[in-house]
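Colleague: My structure is below; once you've seen it, I'll send some questions.
The values are calculated or read from the model by the stated rules, or taken from the named source; none is laboratory data. Note that this is a predicted model, so its numbers are computed, not measured. Note: ideal-geometry Cβ built from the backbone for every residue, glycine included; neighbour counts use all protein chains shown.
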Amino acid sequence: MEFDELSRSVIGCAIEVHRTLGPGLLESTYRQCLACELSHAQIPFQMEVPLPVCYKNVLLDCGYRIDLLVSADLIVEIKAVEMLLPIHQAQILTYMRLAKIPIGLLINFNVTKLQNGIKRSSCKLENVRPRMTSLVTTKCEEAVAATWGKCVMQIT
């Protein structure tokens with residue numbers, strides 16, 4: 001599935017969630033309901049994917065989590081705020097850079113019309129992997145090698 005097709009499918013699922021629930025709920029509620037819609041649409045995804053930070057060749061778990069990683073190709077960041085601010089855009093761009101995934105959707109469900117709460121993001125990244133299999137594996141070394149290259153240690 002190409003990005004445009006994938007992003008349209010995810011946006012369609014988000015619109016269905018918003019149409020059913022409307023604004024005013026917690027981000028966690030919208031995340032769970034969007035996950036349900038993605039499942040029904042048979043779109044593969046992972047929820048709350050840990051996103052470590054590589055600092056001076058050390059892989060650190062700083063508590064960052066990707067809300068939804070869809071088809072290992074698209075980061076979806078869910079918000080339920082009065083209005084999207086530049087810091088929210090900076091957050092998804094940082095997640096995209098750290099995960100080396102060049103495309104993302106920032107979706108704010110706390111709006112009257114969901115189309116007004118959706119921002120598509122893309123960025124050109126150096127050495128982008130064609131697909132991210134997972135940031136979480138049973139072998140830390142494989143995750144480090146696949147995700148961070150020169151990072152050699154994980155601190156939890």
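Colleague: So in the stretch 59-91, with the set limited to residues that are of a type outside the set (A, V, I, L, M) and not in a loop (DSSP other than H, G, I, E, B), which one is nearest to Q32 (Cα to Cα)?
Modeller: Restricting attention to the stretch 59-91, the residues satisfying the condition of being of a type outside the set (A, V, I, L, M) are 61-65, 67, 71, 73, 77, 79, 82, 86, 88-89, 91.
Then keep just the ones that are not in a loop (DSSP other than H, G, I, E, B); that gives 65, 67, 77, 79, 86, 88-89, 91.
Numbers: R65: 15, D67: 10, E77: 13, K79: 13, P86: 25, H88: 20, Q89: 22, Q91: 20 Å.
Selected residue: D67.
Colleague: How many of the residues in the stretch 23-33 are within 23 Å of R97 (Cβ to Cβ) and crowded, with 19+ Cβ neighbours inside 10 Å?
Modeller: 1
Colleague: Please go through the stretch 38-52 and give me each residue that is surrounded by 13 or more Cβ atoms within 10 Å (Cβ to Cβ) and either more than 16 Å from E5 (Cβ to Cβ) or modelled with pLDDT under 95 (or both), ordered by number.
Modeller: Across the stretch 38-52, the qualifying residues are Q46, M47, E48, V49, P50, L51, P52.
Colleague: Restricting attention to the stretch 18-58, which residues are among the polar types (S, T, N, Q), more than 24 Å from A90 (Cβ to Cβ) and not in a loop (DSSP other than H, G, I, E, B)?
Modeller: Once the filter is applied, which keeps residues that are among the polar types (S, T, N, Q), more than 24 Å from A90 (Cβ to Cβ) and not in a loop (DSSP other than H, G, I, E, B), the stretch 18-58 yields T20, T29, Q32, S39.
Colleague: Using beta carbons and a limit of 9 Å, which pairs, at least six apart or on different chains, have the first residue in the stretch 46-75 and within 17 Å of I107 (Cβ to Cβ) and free of Cβ contacts under 8 Å to residues at least 24 places away in the same chain and the second one among the acidic types (D, E) and surrounded by 20 or more Cβ atoms within 10 Å (Cβ to Cβ)?
Modeller: M47/D67; E48/D67
Colleague: Is it true that some residue in the stretch 122-135 is part of a strand (DSSP E or B) and either surrounded by fewer than 18 Cβ atoms within 10 Å (Cβ to Cβ) or at pLDDT below 95 (or both)? Working first, answer last.
Modeller: Within the stretch 122-135, the first condition is being part of a strand (DSSP E or B), and the residues that meet it are 122.
Restricting the remaining residues to those that are either surrounded by fewer than 18 Cβ atoms within 10 Å (Cβ to Cβ) or at pLDDT below 95 (or both) gives 122.
Looking for residues that are part of a strand (DSSP E or B) and either surrounded by fewer than 18 Cβ atoms within 10 Å (Cβ to Cβ) or at pLDDT below 95 (or both), one finds at least one in the stretch 122-135, hence yes.
Colleague: Which residue out of L114, L98, L93 is more than 15 Å from the chain's Cα centre (by Cα), of a type in the set (A, V, I, L, M, F, W, C) and either crowded, with 16+ Cβ neighbours inside 10 Å or over 21 Å from I15 (Cα atoms) (or both)? Steps first, please.
Modeller: On the way: L98 fails: more than 15 Å from the chain's Cα centre (by Cα); L93 fails: more than 15 Å from the chain's Cα centre (by Cα).
So the residue among L114, L98, L93 that is more than 15 Å from the chain's Cα centre (by Cα), of a type in the set (A, V, I, L, M, F, W, C) and either crowded, with 16+ Cβ neighbours inside 10 Å or over 21 Å from I15 (Cα atoms) (or both) is L114.
Colleague: Between T94, T112, which is farther than 15 Å from E48 by Cβ, outside any strand (DSSP E or B) and modelled with pLDDT of 95 or more? Even if it seems obvious, please write down each step before you answer.
Modeller: Working: T94 fails: modelled with pLDDT of 95 or more.
That would be T112, the only listed residue that is farther than 15 Å from E48 by Cβ, outside any strand (DSSP E or B) and modelled with pLDDT of 95 or more.
Colleague: Of all residues in the stretch 53-83 being among the charged types (D, E, K, R), over 8 Å from the mean Cα position of the chain (by Cα) and crowded, with 18+ Cβ neighbours inside 10 Å, which is modelled with the highest pLDDT?
Modeller: K79
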